[in-house]
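Below is one structure, written out as structure tokens; the observations come after it.
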Amino acid sequence: MARDHGFHPLRVTRVVDETPDTRTFALDARFPYRAGQFLTFKVCGTLRSYSMSSSPDTDAEVCVTVKRVPDGLVSGWLHDWLKPGDVLEASGPSGSFCLREDADKRPLVAYAGGSGITPVFSVVKSALATTRREVRLLSAHQNGGSAIFRGALDALAARHPGRLSLCHHLDDRDGLVTAEEIGALATERADYYVCGPEPFMALVEDTLAAHRVTPERILIERFTPTAMVHEAAGPPEPLAATVTVDLRGERRTVPQRPGETLLQSARRAGFTPPFSCESGDCATCMARLTDGEAKMRVNNALDVDEVSEGYVLTCQAEPTTPDVTVVYED
Ligand SMILES: Cc1cc2nc3c(=O)[nH]c(=O)nc-3n(C[C@H](O)[C@H](O)[C@H](O)COP(=O)(O)OP(=O)(O)OC[C@H]3O[C@@H](n4cnc5c(N)ncnc54)[C@H](O)[C@@H]3O)c2cc1C
Ligand code: FES
């Protein structure tokens, strides 16, 4: 099996204050990765994913950049406690918010809001360094003080005159981002990269659709889970079928419930299975079906070989046969 599930120790070598609530952590890491990918960290038993702001094509260090979420468990811990010399447990790299192999001549248009600039910065650096593509970037923040990588982006634009068009949007100066502003960057045959708060991404998606950009041209990275909420009038009726979950050798069986994912069934069985994004993007929840079948609502993380070997994203997989067995492997 190709994917490395394991968590590995990574030492923090440097901590950089980007803005009052955003820090970059440089890591002593030697693994190969692609621009736009993320790592998943285990902090106090909790899993959270953070995109790499570094580019494998331009940066010697591997860096993640973390914005503190108010009352956020992991982002708060990383800001309050993590210092050079400390060791983090991390798995990955994962994710497909990356440069496409066949896109050397297509323009690249990116829309980033808040901490969404992190993977976009990585992708833009690689695109400029390894291709001849024209790059257009809208980087939106609440104000000048919260504009992550503003100076670094200006320096990048200066190093690539005529190739990187940069639009710094500040809400307190310019008002909220508008469809006109988004549409103004759209151009023929481009690939589009979108990462930011949900309302920002929804506006970008709607605007691009109005400009007849087809969905396969748009790559989206979601930081917040788009967990589907299945509201039912009362508890759903159990089916005459079962889900058997095997987590690190311990096996439990629960009745299937309509509309329930394998991850939800595993939790109902009393397990604490691994997960992070709950959006089908990170593969942290990946497990193997050894019996029965299941259909994934979204799969932005597993490749064709993994799926054919029986692996599923349990946060997205619903059983389609009466009895299924799912095994979480270490
Ligand atoms: C693939 C992926 C890549 C990511 N990359 C980055 C990155 O590069 N930099 C970065 O800073 N974050 C990134 N995130 C988000 C990160 O994983 C955490 O969700 C975020 O740091 C909040 O976690 P927490 O434990 O601090 O907050 P929690 O304790 O989980 O949440 C505290 C409160 O904040 C809300 N909340 C949770 N997440 C967010 C959020 N992202 N924005 C606003 N409110 C939220 C919750 O609903 C809750 O009310 C990424 C997420 C994914 C899935
Ligand atoms: S938890 Fe990220 S893909 Fe399932």
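Which percentage, to the nearest 5, of the DSSP beta bridges contained in the chain is antiparallel?
Values: 43 of 71 bridges.
Rounded to the nearest five, the antiparallel share is 60 percent.
How do Lys295, Lys67 stack up against each other in accessible area, from largest to smallest, with a 1.4 angstrom probe?
Details: Lys295 135, Lys67 60 Å².
Greatest to least solvent exposure: Lys295, Lys67.
Can you give me the Rg/Rh ratio for region 108-221, using Cα atoms for both radii and the Kirkwood formula for Rh?
Values: Rg = 13.0 Å, Rh = 14.0 Å.
Radius of gyration relative to Kirkwood radius: 0.93.
Suppose each label sits 7 Å from its Cα in the direction of the beta carbon; what would the Thr320-Thr253 distance come out to in nanometres?
Inter-label distance under the simple model: 2.4 nm.
Please report the net charge: other residues with Cβ closer than 12 Å to the Cβ of Glu293, K and R +1, D and E -1.
Here the count lands on -2.
Only Cα pairs within less than 10 Å get springs; with that Gaussian network setup on the chain, which residue of Ala179, Ala140, Ala294 has the largest fluctuation?
Largest GNM mean-square fluctuation: Ala179.
Taking 0.36 nm per residue of sequence separation and subtracting the Cα-Cα distance, how much length would be gained by fully extending the chain between Asp57 and Gln142, in nm to one decimal?
On the way: separation 85, 0.36 × 85 = 30.60 nm, distance 2.99 nm.
Once the chain is fully extended between Asp57 and Gln142, it gains 27.6 nm.
HN-Hα J couplings of region 170-175 from phi, Karplus 6.51/-1.76/1.60, θ = phi - 60°, integer Hz, Gly and Pro as x?
So the J values, rounded to whole Hz, are 10, 4, 5, 9, 10, x.
Starting from the amide H of Thr284, placed 1.01 Å from N in the peptide plane, find each other amide H under 5 Å away whose residue is 5 or more places distant or on another chain.
HN-HN under 5 Å from Thr284: Ser276, Cys277.
Report Rg (one decimal) and Dmax (nearest whole number) for region 42-96, counting Cα atoms only, units Å.
When restricted to the Cα atoms of region 42-96, Rg and Dmax are 12.1, 35 Å.
Plugging the Kirkwood radius over Cα pairs into Stokes-Einstein for region 242-328, at a temperature of 37 °C and a viscosity of 0.692 mPa s, what D comes out in µm²/s? Let's see the in-between values first.
Working: Rh = 12.4 Å.
Result for D is 265 µm²/s.
Which shape class applies to region 281-320: rounded if a/c is under 1.5, otherwise prolate when a/b exceeds b/c and oblate if not, where a ≥ b ≥ c are the square roots of the Cα gyration tensor eigenvalues? Please list the in-between numbers first.
Details: a/c = 1.63, a/b = 1.22, b/c = 1.33.
Judged from the Cα gyration tensor, region 281-320 comes out oblate (a/c at least 1.5, b/c at or above a/b).
For Leu313, which sequence-distant residues (separation of 5 or more, or a different chain) have an amide H within less than 5 Å of its own amide H, given hydrogens modelled in the peptide plane?
Amide H neighbours of Leu313: none.
Please report how far the C-alpha centroid of region 132-162 lies from that of region 35-61, rounded to the nearest whole angstrom.
Using only Cα atoms to place each centre, the spacing works out to 21 Å.
So, in nm, how far is label Arg189 from label Asp102 when the simple model puts each one 7 Å beyond its Cα toward the Cβ?
Label-label distance for Arg189 and Asp102, simple model: 1.4 nm.
Would any residue of region 106-143 have its amide N under 20 Å from a label point 7 Å out along Cα→Cβ of Thr224? List them or say none.
Correct set: 111-120, 139-143.
Read phi for every residue in region 180-187 and hand back ³J(HN,Hα) as whole Hz from Karplus 6.51 cos²θ - 1.76 cosθ + 1.60, θ = phi - 60°, with x for Gly and Pro.
Those phi angles translate into 4, 4, 5, x, 5, 8, 4, 8 Hz.
Remind me, relative contact order of region 3-120 in percent, using alpha carbon pairs under 8 angstrom and six or more residues apart? Present the calculation step by step, with values, prior to reporting the outcome.
Working: 216 pairs, mean separation 39.7, N = 118.
Relative contact order, region 3-120: 34 percent.
Net charge near Thr321: determine it from the other residues with C-beta under 9 Å of the C-beta of Thr321, scoring Lys and Arg +1 and Asp and Glu -1. Before the final figure, lay out the partial values.
Values: positive: none; negative: Asp291, Glu293, Asp323.
Summing Lys/Arg as +1 and Asp/Glu as -1 gives -3.
Determine the sum of side-chain charges near Ser165: Lys and Arg each +1, Asp and Glu each -1, restricted to other residues whose C-beta is under 11 angstrom from that of Ser165.
On the way: positive: Arg136, Arg163; negative: Glu134.
Within the 11 Å Cβ shell, the charges total +1.
Just the accessible area per residue of region 108-221, please: how many Å² with a 1.4 Å probe?
Numbers: 4770 Å² over 114 residues.
Normalised by residue count, the accessible surface of region 108-221 is 42 Å².
Can you tell me which of 84-90, 37-43 comes out highest on packing, and rank the rest after it, using the mean Cβ neighbours within 10 Å?
On the way: 84-90: 15.0, 37-43: 22.4.
Those peptides, ordered most packed to least, come out 37-43, 84-90.
Cβ neighbours within 10 Å, averaged per peptide: list 53-65, 272-284 in order, most packed at the top. Write down the numbers at each step before the final one.
On the way: 53-65: 19.9, 272-284: 22.7.
Ranking, from highest mean packing down: 272-284, 53-65.
Using a 1.4 Å probe on the protein heavy atoms only, what accessible surface does His168 show? Give it in Å² to the nearest 10.
Rounded to the nearest 10, that gives 40 Å².
How tilted is helix 117-130 with respect to the longest principal axis of the chain? Cα atoms for both, answer in degrees (0 to 90, nearest 10).
60
Heavy atoms only, probe 1.4 angstrom, no DNA, RNA or ligands counted: give me Leu99, Leu156 ranked by accessible area, highest first.
Values: Leu99 30, Leu156 10 Å².
Most to least solvent-accessible, the answer reads Leu99, Leu156.
Quick one: if you stick a label point 7 Å off each Cα along the C-beta vector at Asp154 and Asp305, how many nm between them?
4.6
State the percent of C-alpha pairs, over all pairs in the chain, separated by a distance greater than 33 angstrom. All intermediate terms of the calculation are to be shown ahead of the outcome.
Numbers: 16737 of 54285 pairs.
Of the Cα pairs, 31 percent sit more than 33 Å apart.
Could you give the length gained on full extension between Arg173 and Arg14, defined as 0.36 nm per residue of separation minus the Cα-Cα distance, in nm? Don't jump to the answer; show the numbers that get you there.
Numbers: separation 159, 0.36 × 159 = 57.24 nm, distance 3.28 nm.
Once the chain is fully extended between Arg173 and Arg14, it gains 54.0 nm.
The values are calculated or read from the model by the stated rules, or taken from the named source; none is laboratory data. Only a predicted model underlies this, so the values are computations on that prediction, with no experimental measurement involved. So basically every Cβ, Gly included, is an ideal-geometry build from the backbone, and we count neighbours across all protein chains shown. To get the accessible areas, we keep the full protein, side chains included, count just its heavy atoms, and leave off ligands, DNA and RNA. Shrake-Rupley method; radii C 1.70, N 1.55, O 1.52, S 1.80 Å.
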